[in-house]
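In what follows, a structure is listed as C-alpha coordinates, so that the remarks can point back to it.
The values are calculated or read from the model by the stated rules, or taken from the named source; none is laboratory data. Please read these numbers as outputs of a predicted model, since none were measured by experiment. Don't worry about glycine lacking a Cβ; one is built from the backbone with ideal geometry, like all the others, and counts go over all protein chains shown.
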Amino acid sequence: MSFHHLPRRALIAAALCLSAGASFAQSAHLKASDAWIRATPAVGAGYLVIANGGAADKLLGASSDAASAVELHTHKMEGDVARMRQVDDVAVPAGQKVEFKPGGLHLMLMGLKRPLKNGDQVAIKLRFEKAGEVPVNFVVDNQRVPAPAAAADPHAGHKHD
(Lines give C-alpha, C1' and ligand atoms only; values in the text may rest on other atoms or scores of the structure.)
Protein backbone atom coordinates (compact mmCIF):
# COMPACT_ATOMS: atom_id res chain seq x y z
CA MET A 1 0.00 0.00 0.00
CA SER A 2 1.33 3.41 -0.96
CA PHE A 3 0.79 6.62 0.99
CA HIS A 4 1.49 8.80 -2.06
CA HIS A 5 -2.20 9.12 -2.89
CA LEU A 6 -3.19 10.37 0.59
CA PRO A 7 -3.57 14.11 1.18
CA ARG A 8 -0.80 15.77 3.16
CA ARG A 9 -3.19 16.46 6.10
CA ALA A 10 -3.97 12.76 6.41
CA LEU A 11 -0.26 11.93 6.53
CA ILE A 12 0.34 14.57 9.23
CA ALA A 13 -2.63 13.28 11.25
CA ALA A 14 -1.32 9.72 10.97
CA ALA A 15 2.14 10.83 12.12
CA LEU A 16 0.65 12.63 15.12
CA CYS A 17 -1.33 9.52 16.08
CA LEU A 18 1.79 7.37 15.84
CA SER A 19 3.80 9.79 17.99
CA ALA A 20 0.99 9.88 20.59
CA GLY A 21 1.00 6.09 20.59
CA ALA A 22 4.77 6.06 21.15
CA SER A 23 4.33 8.38 24.14
CA PHE A 24 1.67 6.07 25.57
CA ALA A 25 3.86 3.02 25.02
CA GLN A 26 6.66 4.73 26.96
CA SER A 27 4.45 4.95 30.07
CA ALA A 28 3.00 1.47 29.57
CA HIS A 29 5.85 -0.03 31.65
CA LEU A 30 4.44 1.63 34.80
CA LYS A 31 1.42 -0.08 36.33
CA ALA A 32 -0.52 1.34 39.26
CA SER A 33 -2.63 -0.95 41.42
CA ASP A 34 -4.43 -1.05 44.76
CA ALA A 35 -5.02 2.75 44.65
CA TRP A 36 -7.10 4.04 47.57
CA ILE A 37 -7.55 7.14 49.72
CA ARG A 38 -8.33 7.70 53.38
CA ALA A 39 -9.97 11.11 53.67
CA THR A 40 -11.01 13.65 56.28
CA PRO A 41 -12.89 16.89 55.55
CA ALA A 42 -9.70 18.88 54.86
CA VAL A 43 -7.03 16.42 53.64
CA GLY A 44 -6.69 12.96 52.17
CA ALA A 45 -3.90 10.41 52.10
CA GLY A 46 -3.49 8.33 48.93
CA TYR A 47 -1.89 4.92 48.73
CA LEU A 48 -1.02 2.64 45.82
CA VAL A 49 1.55 0.25 44.41
CA ILE A 50 3.59 1.28 41.36
CA ALA A 51 5.18 -1.63 39.47
CA ASN A 52 7.89 -0.73 36.96
CA GLY A 53 8.40 -3.26 34.18
CA GLY A 54 10.76 -0.99 32.23
CA ALA A 55 13.58 1.48 32.74
CA ALA A 56 14.15 3.29 36.04
CA ASP A 57 11.96 6.36 36.48
CA LYS A 58 11.09 8.96 39.13
CA LEU A 59 7.73 10.11 40.41
CA LEU A 60 8.09 13.90 40.43
CA GLY A 61 4.64 14.97 41.56
CA ALA A 62 0.90 14.58 41.24
CA SER A 63 -2.24 16.63 40.72
CA SER A 64 -6.00 16.22 41.06
CA ASP A 65 -9.08 18.34 40.44
CA ALA A 66 -10.30 17.13 43.86
CA ALA A 67 -7.61 19.03 45.83
CA SER A 68 -5.76 22.32 45.64
CA ALA A 69 -2.44 20.42 45.85
CA VAL A 70 -1.16 16.84 45.89
CA GLU A 71 2.21 16.37 47.61
CA LEU A 72 4.57 13.40 47.90
CA HIS A 73 5.11 12.58 51.59
CA THR A 74 6.85 10.05 53.79
CA HIS A 75 6.78 9.16 57.49
CA LYS A 76 9.95 8.96 59.53
CA MET A 77 10.14 7.93 63.17
CA GLU A 78 12.28 10.21 65.32
CA GLY A 79 12.29 8.60 68.72
CA ASP A 80 8.64 8.12 69.66
CA VAL A 81 7.36 10.76 67.25
CA ALA A 82 6.26 10.04 63.68
CA ARG A 83 7.12 12.99 61.47
CA MET A 84 5.51 13.48 58.10
CA ARG A 85 7.74 15.17 55.53
CA GLN A 86 7.26 16.24 51.95
CA VAL A 87 9.74 14.71 49.49
CA ASP A 88 10.77 16.12 46.11
CA ASP A 89 10.54 12.83 44.22
CA VAL A 90 10.30 9.07 44.60
CA ALA A 91 12.61 6.70 42.71
CA VAL A 92 10.84 3.88 40.86
CA PRO A 93 13.66 1.41 40.07
CA ALA A 94 13.55 -0.77 36.96
CA GLY A 95 11.86 -4.11 37.51
CA GLN A 96 10.69 -3.23 41.04
CA LYS A 97 7.60 -2.11 42.92
CA VAL A 98 7.22 0.96 45.12
CA GLU A 99 4.49 0.77 47.73
CA PHE A 100 2.74 3.86 49.08
CA LYS A 101 1.18 2.72 52.37
CA PRO A 102 0.09 4.03 55.78
CA GLY A 103 3.15 4.79 57.88
CA GLY A 104 5.35 5.20 54.79
CA LEU A 105 5.26 6.90 51.43
CA HIS A 106 1.90 8.45 50.53
CA LEU A 107 0.23 11.14 48.45
CA MET A 108 -1.16 13.99 50.55
CA LEU A 109 -4.23 15.65 49.05
CA MET A 110 -4.21 19.13 50.52
CA GLY A 111 -7.20 21.47 50.49
CA LEU A 112 -9.90 19.06 49.39
CA LYS A 113 -12.45 20.91 47.29
CA ARG A 114 -15.31 18.75 48.61
CA PRO A 115 -15.68 16.10 51.29
CA LEU A 116 -14.76 12.63 50.05
CA LYS A 117 -17.06 9.77 51.06
CA ASN A 118 -16.48 6.03 51.10
CA GLY A 119 -16.84 4.67 47.59
CA ASP A 120 -16.04 7.97 45.84
CA GLN A 121 -13.53 7.80 43.00
CA VAL A 122 -10.78 10.39 42.71
CA ALA A 123 -8.72 10.87 39.56
CA ILE A 124 -5.07 11.69 40.25
CA LYS A 125 -2.43 12.32 37.60
CA LEU A 126 1.00 11.03 38.57
CA ARG A 127 3.86 12.91 36.87
CA PHE A 128 6.98 10.87 36.10
CA GLU A 129 10.36 12.07 34.87
CA LYS A 130 10.38 9.75 31.82
CA ALA A 131 6.86 8.37 31.48
CA GLY A 132 5.14 11.75 31.78
CA GLU A 133 1.61 11.92 33.20
CA VAL A 134 -0.08 8.67 34.18
CA PRO A 135 -3.74 8.94 35.27
CA VAL A 136 -4.83 6.72 38.17
CA ASN A 137 -8.31 6.35 39.69
CA PHE A 138 -8.31 6.06 43.48
CA VAL A 139 -11.27 4.80 45.52
CA VAL A 140 -12.05 6.39 48.90
CA ASP A 141 -12.04 3.71 51.60
CA ASN A 142 -11.90 5.14 55.12
CA GLN A 143 -12.45 1.67 56.60
CA ARG A 144 -9.53 0.01 54.84
CA VAL A 145 -7.00 0.39 57.64
CA PRO A 146 -8.48 0.27 61.11
CA ALA A 147 -7.31 3.34 62.95
CA PRO A 148 -7.89 4.64 66.43
CA ALA A 149 -10.33 7.55 66.57
CA ALA A 150 -7.49 10.04 67.02
CA ALA A 151 -5.76 8.73 63.88
CA ALA A 152 -8.79 9.22 61.64
CA ASP A 153 -7.07 12.46 60.62
CA PRO A 154 -3.88 11.56 58.66
CA HIS A 155 -2.12 14.43 60.48
CA ALA A 156 -3.22 13.48 64.02
CA GLY A 157 -0.27 12.71 66.28
CA HIS A 158 2.29 13.69 63.67
CA LYS A 159 4.67 16.60 63.45
CA HIS A 160 4.64 18.12 59.99
CA ASP A 161 7.92 19.77 58.95
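Worth pointing out:
- Residue match in region 76-84 (condition: among the β-branched types (Val, Ile, Thr) and either closer than 24 Å to Arg144 by Cβ or not in a strand (DSSP E or B) (or both)): no
- Yes/no for Gln96 being closer than 26 Å to Gly53 by Cβ and either of a type outside the set (A, V, I, L, M) or modelled with pLDDT of 95 or more (or both): yes
- Considered as a group, the residues in region 101-120 that are in a strand (DSSP E or B) and among the hydrophobic types (A, V, I, L, M, F, W, C) include one that is farthest from Lys76 (Cα to Cα), and that residue is Leu112.
- Residue that is farthest from Val140 (Cα to Cα) [pool: residues in region 36-46 that are surrounded by fewer than 21 Cβ atoms within 10 Å (Cβ to Cβ) and not β-branched (Val, Ile, Thr)]: Ala42
- Within region 118-129, being surrounded by 15 or more Cβ atoms within 10 Å (Cβ to Cβ) and of a type in the set (D, E, K, R) holds for Asp120, Lys125, Arg127.
- Residues that are crowded, with 21+ Cβ neighbours inside 10 Å and polar (S, T, N, Q), drawn from region 47-64: Ser64
- If you go through region 81-104 and pick out every residue that is among the β-branched types (Val, Ile, Thr) and out of contact with any Ser or Thr (no Cβ under 9 Å at 6 or more places or on another chain), you end up with 3.
- Looking only at region 78-109, residues that are surrounded by 13 or more Cβ atoms within 10 Å (Cβ to Cβ), more than 12 Å from Arg38 (Cβ to Cβ) and aliphatic (A, V, I, L, M) come to 6 in all.
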